[in-house]
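First the structure, in the form of structure tokens, and then the observations on it.
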Amino acid sequence: MSNVKEYKDIVAFHPGYYISDIIEDMEISQAEFATRMGTTAKTLSQLINGQANISNDLAKKLSVMMGTSVEVWLNLQNAYDQKLIEIQQAKDIDEQEEIVKQIDYKYFVEVVGLPVAKTIKEKVSNLCNYFKVADLRIMLQPDFLVNFRRGQNCTAEKNIINSRAWIQTVLNIAKEVETKPFDAIKLKEYLPELRSMSEQKPEQFMPRMREIFAECGVVFIVLPHLKNSGVNGAVKWISEDRVVLALNNRGLDADKFWFSLFHEIKHVLQRKTKTVFINCSAEEMMDINSKLEEDADNFARNYLIPPAAYRKLNPSQYISDNEIVAFANSIGVHPGIVAGRLQHDKVIPQNRCSKLKEKYVIVIGR
């Protein structure tokens with residue numbers, strides 16, 4: 001084992017390196033030096049070869065023998081230990097380089113105000129601090145934040161990293177949002193008002209929507225899409241009295257927004273406080289009870305468009321845009337929601353009703 005450690009331009013000298021020089025200058029053997037020092041040849045050999053550190057006792061003996069202070073030898077040991085940490089940190093940063101390259105750092109500069117970084121080291125340091133992890137490789141651990149099931153096509157590493165980065169960003173922002181304690185009864189009472197908002201523009205309903213959720217103990221967050229995350233929405237309980245409901249603002253057609261919103265509301269009402277619900281665009285979903293997901297889908301579908309009304313409509317491929325609008329008005333929802341349902345049920349093709357499926361522009365706010 002060497003008493004000198006090197007990595008790139010960092011060099012760490014073990015105190016044994018200096019002791020070896022002293023023995024050479026004294027022109028005596030290691031055995032004789034050990035005798036003069038009052039220790040064993042084995043202990044001295046381990047010290048010279050960097051296999052053992054200087055103890056307080058050895059520092060005292062060396063200080064008396066060489067006419068120095070005890071601190072001189074303890075400081076040499078401390079300086080060596082510090083250099084070893086510096087070397088390990090440099091190695092860690094190099095090993096995290098491939099991970100940080102898969103994260104859109106510019107996103108975090110623009111969305112949460114991280115400082116502009118010119119080097120990989122700065123990016124790693126800033127992201128680790130923001131995500132509150134000691135190493136970005138932790139983002140790939142199976143039990144970090146949420147578990148991904150490896151499906152037939154296997155979730156890509158970059159998707160796992162960025163999905164967890166998006167979720168952690170949501171949780172960080174959630175800390176700044178004040179809410180009352182969670183109240184499921186109150187949330188259920190507000191559902192009709194929330195549904196009626198689909199007939200309004202985002203700039204009208206978003207402020208009121210945030211008020212309602214905060215009143216019910218729900219932190220409601222809409223965040224920009226993070227490249228390669230694939231996350232459309234998420235629900236995570238912060239405590240027994242506080243839950244986060246987050247949506248992605250990418251490709252916000254009205255029907256997708258309202259379906260996703262009520263889907264996530266159902267997850268909130270399911271109150272599975274130990275489960276993180278993630279709505280992903282990829283097939284490789286998290287370890288979530290499929291029954292809970294099915295319940296959330298059915299709730300969103302049936303609450304937005306009551307089954308009885310939908311059956312009465314009895315839609316066919318020949319339904320006109322005017323008929324869709326009239327039906328939407330009769331049940332008090334955005335026409336795009338009805339058009340999206342008809343497309344989902346394969347009643348009409350995906351290229352129909354582009355004028356009805358309004359594209360939302362939601363200004364990100366907390």
Within-15-Å neighbourhood charge of Val361 [Cβ basis; K, R +1; D, E -1]: +2
In Hz, Karplus ³J(HN,Hα) per residue of the stretch 350-355 (6.51, -1.76, 1.60; θ = phi - 60°; x = Gly, Pro): 5, 8, 8, 6, 4, 6
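Sorting Tyr80, Tyr318, Tyr310, Tyr7 on the 10 Å Cβ count, fewest up front, what's the list? Mind dumping the intermediate values first?
On the way: Tyr80 22, Tyr318 8, Tyr310 19, Tyr7 16.
With the fewest neighbours first, Tyr80, Tyr318, Tyr310, Tyr7 line up as Tyr318, Tyr7, Tyr310, Tyr80.
Please give the FRET efficiency for Ala326 paired with Ile238, using the beta carbon to beta carbon distance and R0 = 25 Å, rounded to the nearest 0.05. Mind showing how you got there, number by number?
Values: r = 43 Å, r/R0 = 1.72.
Efficiency for this residue pair is about 0.05.
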Dipole of the chain, positive end: most advanced residue of His225, His267, Ala254 [Cβ charges, Cα centre]: Ala254
Between 0 and 90°, nearest 10: helix 184-196 axis offset from the chain longest Cα axis: 60
FRET efficiency, Arg208 to Glu176 (Cβ-Cβ, R0 30 Å, nearest 0.05): 0.90
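Express as a percent, rounded to the nearest 5, the fraction of DSSP beta bridges in the chain (both residues included) that run antiparallel.
Values: 16 of 22 bridges.
Taking every DSSP beta bridge with both residues in the chain, the antiparallel ones total about 75 percent.
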The stretch 181-366: C-alpha gyration tensor shape, a/c 1.5 cut-off, then a/b vs b/c: prolate
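Quick one: net charge of Lys8's neighbours, Cβ under 11 Å, K/R +1, D/E -1?
Values: positive: Lys91; negative: Glu6, Asp9, Glu86, Asp94.
That works out to -3.
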Helix axis angle, 202-215 relative to the chain longest principal axis, alpha carbon, degrees: 70
The stretch 181-366 - share of DSSP beta bridges that are antiparallel (%, nearest 5): 65
Rounded to 10°, Cα long-axis angle of helix 290-304 versus longest principal axis of the chain: 40
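Which order do Val276, Val116 fall in if you start with the one that has the fewest other Cβ atoms within 10 Å? Working shown, then result.
Details: Val276 18, Val116 10.
Listing Val276, Val116 from fewest to most nearby Cβ atoms yields Val116, Val276.
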Local net charge near Asp94, Cβ-Cβ under 15 Å (Lys/Arg +1, Asp/Glu -1): -3
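Over the stretch 181-366, what is the relative contact order in whole percent, taking alpha-carbon pairs under 8 Å and six or more residues apart? List each step's numbers first, then the result.
Numbers: 249 pairs, mean separation 45.9, N = 186.
With pairs under 8 Å counted, the relative contact order is 25 percent.
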Estimated FRET transfer efficiency when R0 is 30 angstrom, pair Glu157-Glu6 (beta carbons, to 0.05): 0.45
Per-peptide average of other Cβ atoms within 10 Å, ordering 88-94, 135-141 highest first: 135-141, 88-94
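Where does each of Asp183, Asp255 land when they are ranked from fewest to most other beta-carbon atoms within 10 angstrom?
Details: Asp183 15, Asp255 26.
In increasing order of surrounding Cβ atoms, one gets Asp183, Asp255.
Give me the number: length gained by fully extending Leu292 to Asp143, i.e. 0.36 nm times residue separation minus the C-alpha to C-alpha distance, one decimal in nm.
Details: separation 149, 0.36 × 149 = 53.64 nm, distance 2.07 nm.
Length gained between Leu292 and Asp143: 51.6 nm.
Rule-based calculations on the coordinates, nothing more; no lab input. Small disclaimer: the values here were computed from a predicted structure and weren't measured. Here Cβ is always computed from backbone atoms with ideal geometry, including for glycine, and neighbour counts include all displayed protein chains.
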